[in-house]
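Enquirer: My structure is below; once you've seen it, I'll send some questions.
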Amino acid sequence: MSDTAKTILIIEDELTLLEMYRLKFEAAGFNFLGAATGEEGITLAETKHPNLILVDLILANKVAGGKIDGFAVLQELKSNPHTKAIPIYALTNLNQDSDIEEAFKLGADGYFVKSDLTPKELVDNAQKIFRGEKIGTRLG
């Protein structure tokens, strides 16, 4: 990483996955922000201004009080003047063309399918994004 650590926000309702991502990204030198609900993710994006956001499109964590899915998070962040310039990538198991098209229509900068990537590969892709390199994701 560079002299200044990049901050990544991951919005993921599976707490075990969120913790695993935290460990991997922090070990790679990133500042890590995690949110278990869409609402929490929007608040963190607005207040902490991360360098990159990865959002699960299926956010069903009703236990944590979540009421919106990742599509709504994407739409909100890309329509907000304070967050619209932050790169946002979908990180999801949704692999239907219609879901992918909807994510890009709402402003996603890229699309990762969780089952196609190990956590290390996800970290590697984040580092490539910051270096401006092409990555192995579907791009809009």
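Enquirer: Which residues, counting only those in region 85-100, are surrounded by 12 or more Cβ atoms within 10 Å (Cβ to Cβ) and either without any contact (Cβ under 8 Å) to a residue 40 or more places away in the chain or in contact with a Cys (Cβ under 7 Å, 6 or more places away or on another chain) (or both)? First the steps, then the outcome.
Expert: Let us first name the residues in region 85-100 that are surrounded by 12 or more Cβ atoms within 10 Å (Cβ to Cβ), namely 86-95, 99-100.
Of everything in region 85-100, those that are surrounded by 12 or more Cβ atoms within 10 Å (Cβ to Cβ) and either without any contact (Cβ under 8 Å) to a residue 40 or more places away in the chain or in contact with a Cys (Cβ under 7 Å, 6 or more places away or on another chain) (or both) turn out to be ILE88, ALA90, THR92, ASN93, LEU94, ASN95, ILE100.
Enquirer: May I ask you to list pairs of residues, at least six apart or on different chains, whose Cβ atoms are under 9 Å apart, with the first in region 101-121 being over 24 Å from THR83 (Cα atoms) and the second being assigned to a loop (DSSP other than H, G, I, E, B) and of a type in the set (A, V, I, L, M, F, W, C)?
Expert: LYS120/ALA28
Enquirer: Given the structure, is LEU57 at pLDDT below 95, outside any strand (DSSP E or B) and under 11 Å from the mean Cα position of the chain (by Cα)? So that I can check it myself, show each step before the final result.
Expert: Numbers: at pLDDT below 95: yes; outside any strand (DSSP E or B): yes; under 11 Å from the mean Cα position of the chain (by Cα): yes.
Against the criterion (at pLDDT below 95, outside any strand (DSSP E or B) and under 11 Å from the mean Cα position of the chain (by Cα)), LEU57 qualifies.
Enquirer: Sticking with this one: Which members of region 123-137 meet the condition of being within 14 Å of the chain's Cα centre (by Cα) and of a type in the set (Gly, Ala, Ser)?
Expert: Passing the criteria: only ALA126.
Enquirer: If you take the residues of region 101-127 that are under 25 Å from ALA5 (Cα atoms) and among the β-branched types (Val, Ile, Thr), which of them is surrounded by the fewest Cβ atoms within 10 Å (Cβ to Cβ)?
Expert: By that ranking, first place goes to THR118.
Enquirer: Failed condition for VAL73, given (1) touching a residue at least 12 places away in the same chain (Cβ under 8 Å); (2) not in a helix (DSSP H, G or I), with all others met?
Expert: The failed condition is (2).
Enquirer: Taking region 128-139 as the region of interest, how many residues are surrounded by 14 or more Cβ atoms within 10 Å (Cβ to Cβ) and either part of a loop (DSSP other than H, G, I, E, B) or at pLDDT 95 or above (or both)?
Expert: 2
Enquirer: Out of region 1-45, which residues are of a type in the set (D, E, K, R) and in contact (Cβ under 8 Å) with a residue 60 or more places away in the chain? Explain how you work it out, then say what you get.
Expert: As a first pass, look at region 1-45 and keep what is of a type in the set (D, E, K, R): 3, 6, 12-14, 19, 22, 24, 26, 39-40.
Matches in region 1-45: LYS6, GLU12, LYS24.
Enquirer: A follow-up question, please. Considering only residues that are among the aliphatic types (A, V, I, L, M), over 16 Å from ILE58 (Cβ atoms) and under 11 Å from the mean Cα position of the chain (by Cα), which ones fall in region 107-122?
Expert: Answer for region 107-122, where residues must be among the aliphatic types (A, V, I, L, M), over 16 Å from ILE58 (Cβ atoms) and under 11 Å from the mean Cα position of the chain (by Cα): just LEU122.
The values are calculated or read from the model by the stated rules, or taken from the named source; none is laboratory data. Quick caveat: nothing in here was measured; it's all calculated off a predicted structure. Cβ coordinates were reconstructed from backbone atoms using ideal geometry, including for glycine residues, and neighbour counts include every protein chain displayed.
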